[in-house]
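Below is one structure, written out as structure tokens; the observations come after it.
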Amino acid sequence: AQSVTQPDIHITVSEGASLELRCNYSYGATPYLFWYVQSPGQGLQLLLKYFSGDTLVQGIKGFEAEFKRSQSSFNLRKPSVHWSDAAEYFCAVGLISGGSYIPTFGRGTSLIVHP
Amino acid sequence: ETGVTQTPRHLVMGMTNKKSLKCEQHLGHNAMYWYKQSAKKPLELMFVYNFKEQTENNSVPSRFSPECPNSSHLFLHLHTLQPEDSALYLCASSQDGRTGNSYTFGSGTRLTVV
């Protein structure tokens, strides 16, 4: 079965510092890959997605992610973090099962931003 | 109104009550989903509806009963819940249930079972 691992439960960075959130997946083929962000009390907002093509994907809010097939990874990056980026970040893998699209989410990484 | 709207935003119910959660999408999508988000747990997919047909039931207890009268509306009927059912319930929709493109979430209903 497919799985998604986000090894870091919490990440703390200073405002202005660079950020990398890790995501590894387990699946036989190349799945659809997503990163979502969730602010407190809110639903999930799509940051970016990878279906095929260029392995470096640009998203909203200055985020990007790179798909590395050899490492089964899809890490999220941002060159300079803003205090408003503090939130929960979820990596997700999507695949087709029984004719339906079934996304599987990681446990999430909580980003804390220090001033 | 655009996007995915969930009502109510907050719900407190006793274990013997019956209540319903509502989800409405104005995106023209054909697939809708219910997720449960508990503290310190991954998002759990509960149900998938594709063109109003239920295509996935992820071993959800029968005290949760979904209903999808049309592609724009999704309900989750609740009865005789347990305290461990307290969680954030998220609804999502996508263009169709086969590609998952444009997968959009609502803001959720925070459910507390007392």
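Quick notes
- Positions within region B:49-83 being among the β-branched types (Val, Ile, Thr) and within 18 Å of B:Ser38 (Cα to Cα), in sequence order: B:Val60
- Residue, farthest from the other protein chains (Cβ to nearest Cβ), within region A:14-48, restricted to residues that are in contact with a helix residue (DSSP H, G or I) (Cβ under 7 Å, 6 or more places away or on another chain) and farther than 30 Å from B:His10 by Cα: A:Glu15
- Residue within region A:51-61 that is within 21 Å of B:Cys91 (Cβ to Cβ), touching a strand residue (DSSP E or B) at 6+ places or on another chain (Cβ under 7 Å) and modelled with pLDDT of 95 or more present: no
- If you go through region B:21-56 and keep only what is in contact with a Ser or Thr (Cβ under 9 Å, 6 or more places away or on another chain) and among the hydroxyl-bearing types (Ser, Thr, Tyr), you end up with B:Tyr33, B:Ser38, B:Tyr49, B:Thr55.
- Test: B:Leu43 is surrounded by 15 or more Cβ atoms within 10 Å (Cβ to Cβ) and modelled with pLDDT of 95 or more: no
- Matching entry among A:Phe67, A:Phe63, A:Phe51, A:Phe90 (being more than 29 Å from B:Glu56 (Cα to Cα) and either within 14 Å of another protein chain (Cβ to nearest Cβ) or under 11 Å from the mean Cα position of the chain (by Cα) (or both)): A:Phe63
- Flag if A:Asn75 is farther than 20 Å from A:His114 by Cα, modelled with pLDDT of 95 or more and in contact with a Lys or Arg (Cβ under 8 Å, 6 or more places away or on another chain): yes
- Criterion violated by B:Pro8 - all others in (1) surrounded by 20 or more Cβ atoms within 10 Å (Cβ to Cβ); (2) over 30 Å from A:Pro7 (Cα atoms); (3) within 14 Å of another protein chain (Cβ to nearest Cβ) satisfied: (1)
- Test result for B:Leu74, surrounded by 17 or more Cβ atoms within 10 Å (Cβ to Cβ), over 18 Å from A:Pro103 (Cβ atoms) and either in contact with a helix residue (DSSP H, G or I) (Cβ under 7 Å, 6 or more places away or on another chain) or at pLDDT 95 or above (or both): no
- For region B:57-83, the set of residues classified as in contact (Cβ under 8 Å) with a residue 12 or more places away in the chain, over 13 Å from the mean Cα position of the chain (by Cα) and over 17 Å from B:Glu24 (Cα atoms) consists of B:Arg63, B:His79, B:Thr80, B:Leu81, B:Gln82, B:Pro83, listed by residue number.
- The set of residues from region A:27-50 being of a type in the set (S, T, N, Q) and either farther than 22 Å from B:Gln37 by Cβ or modelled with pLDDT of 90 or more (or both) comprises A:Thr30, A:Gln38, A:Ser39, A:Gln45.
- The conditions of being in contact with a Lys or Arg (Cβ under 7 Å, 6 or more places away or on another chain) and of a type outside the set (Ser, Thr, Tyr) are not met by B:Ala31.
The values are calculated or read from the model by the stated rules, or taken from the named source; none is laboratory data. Because the structure is a prediction, the values reported are computed rather than measured. Neighbour counts run over all protein chains shown; Cβ positions are idealised from the backbone, glycine included.
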